[in-house]
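The values are calculated or read from the model by the stated rules, or taken from the named source; none is laboratory data. Since the structure is predicted, the reported quantities are computational estimates derived from the model, not experimental observations. Cβ sites come from the backbone with ideal geometry, for glycine too, and all protein chains shown count toward neighbours. We work out accessible area using only protein heavy atoms, side chains counted, and drop any ligands, DNA or RNA first. Shrake-Rupley method; radii C 1.70, N 1.55, O 1.52, S 1.80 Å.
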Amino acid sequence: MLGRALSAAVLGIDAYVVRVEVHREGGLAHFSVVGLPEGAAKESKDRVMAAIKNSGYHVSVTRFTINLAPADIRKEGSGFDLPVAVGVLLSAGVFESDKLDRVLLVGELSLDGQVQPVHGVLPMAVMAKKEGFKAMLVPPANAKEAALAAGPDVYPARNLREVVDFLAGRVELEPFRLDMREVFDRNRQYVVDFTDVRGQEHVKRALEVAAAGAHNIIMIGPPGSGKTMLAKRLPTILPDLTLEEALETTKIHSVAGLLPPDTALVATRPFRSPHHTISDAGLIGGGHIPKPGEVSLAHHGVLFLDELPEFKRNVLEVLRQPLEDGRVTIARAAVSVTYPAKFMLAAAMNPCPCGYLTDPNHECTCSLPQIQRYRSRISGPLLDRIDIHVEVPAVPYEDLAGKPTGEPSEVIRQRVIRARQRQLQRFRSYPHIFANAHMQTREIRQFCKVGPESQELLRMAITKLGLSARAYDRILKVARTIADLEGEEQILPQHVSEAIQYRSLDREVIV
């Protein structure tokens, strides 16, 4: 006898329908799962039979063959437990149902038949909406996440017996309802603010410019100068996530299993800060069946790399594709997966190996060759993708002991939003450009024209300060953003002058 149920699996951040087919026949007791199951999916047979027995159902021990179709895609995860159990009970004649062609079943089963949460429910719910499913049965802990898709009715299923009674028409379950706009608005609060930072007004200005133009930024300063503290507050001055951006970001965190308990939606911009011992697979994503890495978890947010020269060279080099393309493709023998990775890069480093080259209160013990070797750990191609370099000096006692005088994040964010709106209007005919940082050479020549006085400033920067040739376009893009912050259509000399200050790592002379 044959039993069928419908489930879903995730590939990348998108889901697809999985048909669970259970065939029962006489013979020696055997339970076989086919269709390229991996890990937890292959082990489902033991959990399923224990859950069926402990839920009070009697199924004679016989030969079962479970097929997870399409059979040419590898499947992992424990979310197939519930549909497999339903298929086994259908094939054994325990109950009948006419709802199974319209209902998607997802959930892990504990040995006593309780339905446990799984990863990736939001992408599955989005897919169920596109495919026209009428209902989804999901673990109670995943109900909010599934309801975000505003698609099929979402029914929280507490245990296997409740699922069977619902499918058989013996009981009615109440669909879970969620006010997505209310959830979105409630979760948009940040716990940090720029008013927490004492002093460092010029660094705050540089971060404001970076946020306004979506520029990558690196901060150079001694230990304890506040680089990490400043970076953690960068998301608070970025424009708020749109609902579509929040859903896309939530899908990535759902697939990775990183949604906090009782949190349905990632409504604030992500801030990811991996340790410098991370591997390239941890940063970019990987695994036998590729999972998202830190660059994808920072999608629509900030990726902060503290102690940048301490990262392994091969780890830093894998950043070049996502920084350029806004996505990362991970190819394996079994599958190739593309994850979105559009983030702002914020990095921090000491000015020298001991950290005290620019600190007036400590003596630097590094030689010039040591400093040059330390800075050379950051390759030219990576540094070429960082528009703003800003010095972060040690904070004087007067600033630490005085009252906070800086602007709150909300005030700064409003200026950033106005600058971004000017850029969106300017680039309305360029669908691939959303901010000044995304401009290529042709757009720079069109939108970053400067007068003779500004050209003279640029010439002096290249020839007298020893700035590299690649810094020329970076300065023009940053100057364009500074002009946008001030509401100026033309790039003025003061805008170019400020932009030149943000290229300290390009200078040939180490001070």
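For region 248-258, check the following and say yes or no: at least one residue is β-branched (Val, Ile, Thr) and over 18 Å from the mean Cα position of the chain (by Cα). Checked against the condition, which is being β-branched (Val, Ile, Thr) and over 18 Å from the mean Cα position of the chain (by Cα), region 248-258 yields no hits at all. Taking region 96-119 as the range and being in contact with a Gly (Cβ under 7 Å, 6 or more places away or on another chain) and assigned to a loop (DSSP other than H, G, I, E, B) as the test, the residues that pass are 106, 107, 118, 119. Restricting region 181-199 to residues that are aliphatic (A, V, I, L, M) and more than 11 Å from residue 230 (Cα to Cα) leaves a set whose member that is modelled with the highest pLDDT is 191.
Only one entry of 462, 412, 417 meets the criterion of being more than 29 Å from the chain's Cα centre (by Cα) and either in contact (Cβ under 8 Å) with a residue 40 or more places away in the chain or farther than 14 Å from residue 212 by Cα (or both), and that entry is 462.
At least 3 residues being among the aliphatic types (A, V, I, L, M), touching a helix residue (DSSP H, G or I) at 6+ places or on another chain (Cβ under 7 Å) and crowded, with 18+ Cβ neighbours inside 10 Å is the threshold, and among the strands (runs of 3 or more DSSP E) wholly inside region 1-81 those reaching it are 2-11, 14-25.
Applying a threshold of 6 Å to beta carbon distances and a minimum spacing of six or more residues, or different chains, the list of pairs starting in region 342-363 at a residue that is farther than 28 Å from residue 208 by Cβ and without any contact (Cβ under 8 Å) to a residue 40 or more places away in the chain and ending at one that is open to solvent by 10 Å² or more (accessible area, probe 1.4 Å) and not in a loop (DSSP other than H, G, I, E, B) reads 353/370.
Just to be sure before I move on: is residue 260 modelled with pLDDT of 95 or more and either closer than 29 Å to residue 291 by Cβ or touching a His at 6+ places or on another chain (Cβ under 8 Å) (or both) in the structure I sent? Here the answer is no, as residue 260 does not meet what is asked. Each residue in region 423-453 was checked for being in a helix (DSSP H, G or I) and either among the aromatic types (Phe, Trp, Tyr) or within 18 Å of residue 388 (Cβ to Cβ) (or both), and 6 of them qualify. Taking the criterion of being open to solvent by 80 Å² or more (accessible area, probe 1.4 Å), touching a residue at least 24 places away in the same chain (Cβ under 8 Å) and either of a type in the set (Asp, Glu) or not in a loop (DSSP other than H, G, I, E, B) (or both), no residue of region 167-180 qualifies.
Restricting to region 138-166, and then to whatever is closer than 24 Å to residue 246 by Cα and part of a strand (DSSP E or B), can you tell me which residue is most open to solvent (accessible area, probe 1.4 Å)? Ranking the qualifying residues of region 138-166, first place goes to 153.
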